[in-house]
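Bear in mind that the values in this text are calculations on the coordinates, not laboratory data. Being a predicted model, the structure only gives us computed values, none of them experimental. Note: ideal-geometry Cβ built from the backbone for every residue, glycine included; neighbour counts use all protein chains shown.
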Amino acid sequence: MSPDEGLLDRVRRRAHENDKYSGCSQAVLLSLQEEFGIGDKESFKSATVFGGGVSYQGETCGALIGALMALGLAIGRDTMEDTPTYRTAVGHAVDVWTRFREELQSQLGFNERLTSSLCRDIQRNIYGRSFDMTNEEDYRAFLEAGGHGDEGCPRVCAVAAQVAAEKIVDIMKR
């Protein structure tokens, strides 16, 4: 196993395990923070509200948001005036977004092509339906369907952490 493969395996495992406590954004962000020594407790706390597709709304996948937050911590700009760094970082973020969808499709074996990074669309591909996480009954159904089980959202977190780590390693090697 190469050093990069070991690193990718570690961030995947940590993100997967972290999500068993809920909070996909934080699960991914923390795994990347620990591996790359980026961010701090405050940046970790800021990811609290993005789970379930931004505050349980089924919007952009919280795991992807955590991955993009880590990318920003690693390569983001320090001042508003630094437009070149901003543009470069956004280009790398597009790569992570694209790879995230491709890897979910491939690793989780979705039957339908994944064309978005919406939590509700990812849920449909994994569980055959989406869930209203703000509804207690629906949230229980999500858990019963394996929401935080090994084949559910923790796998999504592992993929998000993997693609962000791949990008960060690639950038660091340049």
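Can you tell me how much longer the chain between Q107 and H148 gets when fully stretched, taken as 0.36 nm per residue apart minus their C-alpha distance, in nm with one decimal?
Numbers: separation 41, 0.36 × 41 = 14.76 nm, distance 1.72 nm.
Fully extending the segment from Q107 to H148 adds 13.0 nm.
Highest first, please rank the peptides 136-149, 59-72, 26-39 by the mean number of other Cβ atoms sitting within 10 Å of their residues.
On the way: 136-149: 14.5, 59-72: 27.1, 26-39: 23.6.
My ranking of the peptides, most packed first, is 59-72, 26-39, 136-149.
Over the chain, what is the relative contact order in percent, taking alpha-carbon pairs closer than 8 angstrom and at least six residues apart? Numbers along the way, then the final one.
Working: 257 pairs, mean separation 54.3, N = 174.
This gives 31 percent for the chain.
Mind giving me the FRET efficiency for R129 and D170? R0 is 45 Å, r the Cβ-Cβ distance, nearest 0.05 is fine. Intermediate results must be reported in sequence, preceding the final value.
On the way: r = 36 Å, r/R0 = 0.80.
So, using R0 = 45 Å, E works out to roughly 0.80.
Give the dimensionless ratio obtained when the Cα radius of gyration of the chain is divided by 2.2 N^0.38 Å. It would help to have the intermediate numbers written out before the result.
On the way: Rg = 15.5 Å, N = 174, 2.2 N^0.38 = 15.6 Å.
Taking N as the residue count of the chain, the ratio is 0.99.
What FRET efficiency would be calculated for the residue pair D95, R13, taking the C-beta separation as r and a Förster radius of 25 Å, to the nearest 0.05? Mind showing how you got there, number by number?
Working: r = 23 Å, r/R0 = 0.93.
That gives a FRET efficiency of 0.60.
Between segment 38-53 and segment 74-108, how far is it from one alpha carbon centroid to the other, in angstrom?
Cα centroid of segment 38-53 versus Cα centroid of segment 74-108: 17 Å apart.
How many percent of all Cα-Cα pairs in segment 84-174 sit more than 15 Å apart?
Numbers: 2609 of 4095 pairs.
Everything past 15 Å amounts to 64 percent.
Using the membrane-span-like helix rule (whole DSSP H runs, Cα extent along the own axis of at least 15 Å, mean Kyte-Doolittle hydropathy at least 0.0), which helices of the chain qualify?
Values: long enough: 3-18 (22 Å, -1.69); 24-36 (18 Å, 0.55); 62-75 (20 Å, 2.29); 83-108 (37 Å, -0.59); 153-173 (30 Å, 0.82).
Answer set is 24-36, 62-75, 153-173.
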